[in-house]
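Worksheet for the structure shown next.
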Amino acid sequence: MNLPGNGTRTRLRTAAALALLPLLALAGCGSGDAAASAPGARAASPAPSDDPLAAVGAVESIAALLPGDVRGAGKLRVGSAVGTPPTAYYPNGQNRPPAGQDIDIAEGVAKVLGLKLERQDASFETILPALGSGKYDVGTGNFGVTAERLKTIDFVTYINDGQGFAVKTGNTALSTQVSDLTQLCGLVIGTGAGTTFEKTLTAQQGVCGAAGKKPYEVKVFSENGAVTTALQQGRIDVVMSTINGLRYQAAQPAAQTSFLGEYHRLDVGFAFKKGSPLTPAFQAAVNELIKNGAYAGILKKWGTSASAIEASQTNPAEHK
């Protein structure tokens, strides 16, 4: 998801689209990883009102796993990619505060650890490099755990998402679940910059030629609203993004998109610089949320219960 490909790469910025159409979700995981839209992006969907974190409080034995300087400061700097529901978005056209599954899980972890999160909005593709420079202590943005990322990033998992495809409703060019990329031959595929989707598509771009078919074309967008606009206007044939995000969007009548099923599953996690001392505390905090039921409540709230994990892990191997 991090590597540029040999295919056509078109970076479009269409700010007006962000206010006109529902945005495509992340990852991470994208479900590998969805690319989040630029800071300040807006979405029309209201946030659910229930609060599964109401009874969550600090757990001393878990907070004790934090480094002393962090406990003393009582806060962490979070690089946060805010883009689309159900992962993280701005409901009702408001710039603050953000809502979504990732927002709730991060807040739950912070409550267990007795910390305050200082959230800084950032574009998806800038967060992981910024962890290494020390700009952020932790990154969120539906980041999928891949073998490539594990070389430089530590992850603490909190959900299982992945890669999927969607088309404009009524598009007959592709109407069945995508299980093989040769099904995309001759089509134009839109996806987010810096995502696992971009990496997958560019790395496998030779499969069509090998099958004696016309190659597919990849168009990469910096903002999710631009991807949606391109799909609705017929400038791309299909979108590759997160499973949960595409499912959520397809359930919104105004979006006029059809989900074409899961292609590849990925664990999604909080991201840290390699060797971060924060990972044991975060893993224990996620597992506490799972144990006390708040985690199940969060996923039910956002309609992502099918992506639940049984236990958080640090740096699990990438799903093949």
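Bear in mind these aren't lab numbers, they're just calculated from the coordinates by the rules spelled out. Keep in mind that this is a model prediction, so the values were computed, not measured. Positions of Cβ are backbone-derived with ideal geometry, glycine not excepted, and every protein chain shown enters the neighbour counts.
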Hey, if you drop one equal point scatterer on each alpha-carbon of region 123-164 and run the Debye formula without solvent, what base-10 log of I(q)/I(0) do you get at q = 0.23, 0.28, 0.29 Å⁻¹?
-0.86, -1.20, -1.26
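So for region 82-206, Kirkwood radius off the Cα pairs, Stokes-Einstein at 20 °C and 1.002 mPa s: how many µm² s⁻¹?
The estimated diffusion coefficient comes to 126 µm²/s.
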Given Cβ charges of +1 for Lys and Arg and -1 for Asp and Glu, the option among Gln183, Ala106, Ala122 whose Cα lies farthest towards the positive end of the dipole of region 81-194 is Ala122
Considering only DSSP beta bridges with both partners in the chain, what is the antiparallel share in %, to the nearest 5?
60 percent
For a quick check: sort Arg235, Arg96, Arg119, Arg265 by the number of other beta carbons within 10 angstrom, fewest at the front.
Arg96, Arg235, Arg265, Arg119
Give me the Debye-computed log₁₀ of I(q)/I(0) at q = 0.15 Å⁻¹ for region 178-276, equal point scatterers on Cα only, no solvent, two decimals.
-0.65
Estimated dipole of the chain in Debye, rounded to 20 [Cβ of Lys and Arg +1, of Asp and Glu -1, Cα centre]
600 debye
Going out from 0 in 10 Å bins, what whole percent of all Cα-Cα distances in the chain drops into each bin?
7, 30, 36, 20, 7, 1, 0
What residue among Thr228, Tyr89, Gly141 has its Cα farthest toward the positive end of the dipole of the chain, where the charges are +1 on Lys, Arg and -1 on Asp, Glu, each on the Cβ?
Thr228
How big is the charge dipole of region 182-320 about its Cα centre, in debye rounded to the nearest 20, if each Lys and Arg gets +1 on its Cβ and each Asp and Glu gets -1 on its Cβ?
40 debye
